[in-house]
Amino acid sequence: MKYILLLLAVTILTSEKCKKKNKGSHQGKEIVEVITNSKDSNTVPVCVQHKIDSIKKEPRWNPPAQVDEYVYNDKHVFLFSADCCDFFNMLYDSSCKNICAPSGGITGRGDGKCAAFSKTARYVKLVWKDPR
């Protein structure tokens, strides 16, 4: 019983820590915002850009928000980092349809719906990382 209470207390304290947003500087670490040129043939889908724009309106995430492009099952997909600890990192197709969560969560292994992602996906590029 005491182990369950201890686990519950740690979970609550951890989640409270995640709610605190880092409003300070990025402590000398230079972070570069990367968005592809609209004339480039590899432009970011509009819905992905809208998701990025929504994140920009929020207080800075800890760790900072990031979007990476991959090729998975012969399709370009976009992996959005989670805004805090133990949340899923969500994978979307180019129409922003949720595919799965290949990583994150309590186990770090995602939701189990695309377990082959880490072995079969090919990294393309960093699409965006919050420079704040």
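The values are calculated or read from the model by the stated rules, or taken from the named source; none is laboratory data. Predicted model, so just to flag it, every value in this text is computed and none were measured. Every residue, glycine as well, gets a Cβ built from its backbone with ideal geometry; the counts of neighbours run over all protein chains shown.
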message: Given the condition over 18 Å from Asp130 (Cα atoms), charged (D, E, K, R) and modelled with pLDDT under 50, answer yes or no: does some residue in segment 11-22 qualify?
response: yes
Residue list for segment 81-102, filter: surrounded by 14 or more Cβ atoms within 10 Å (Cβ to Cβ) and not hydrophobic (A, V, I, L, M, F, W, C): Ser81, Asp83, Asp86, Asn89, Tyr92, Asp93, Ser94, Pro102
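Conditions (1) basic (Lys, Arg); (2) touching a Pro at 6+ places or on another chain (Cβ under 7 Å); (3) more than 21 Å from Cys47 (Cβ to Cβ); (4) without any contact (Cβ under 8 Å) to a residue 60 or more places away in the chain, marked per residue:
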site: Leu91; (1), (2), (3), (4): no, yes, no, yes
site: Ser94; (1), (2), (3), (4): no, yes, no, yes
site: Gly105; (1), (2), (3), (4): no, no, yes, yes
site: Ala121; (1), (2), (3), (4): no, no, no, yes
site: Trp128; (1), (2), (3), (4): no, no, no, no
message: Can you pull out every residue in segment 103-120 that is within 23 Å of Pro64 (Cα to Cα) and surrounded by 13 or more Cβ atoms within 10 Å (Cβ to Cβ)?
response: Ser103, Gly104, Gly105, Arg109, Gly110, Asp111, Phe117
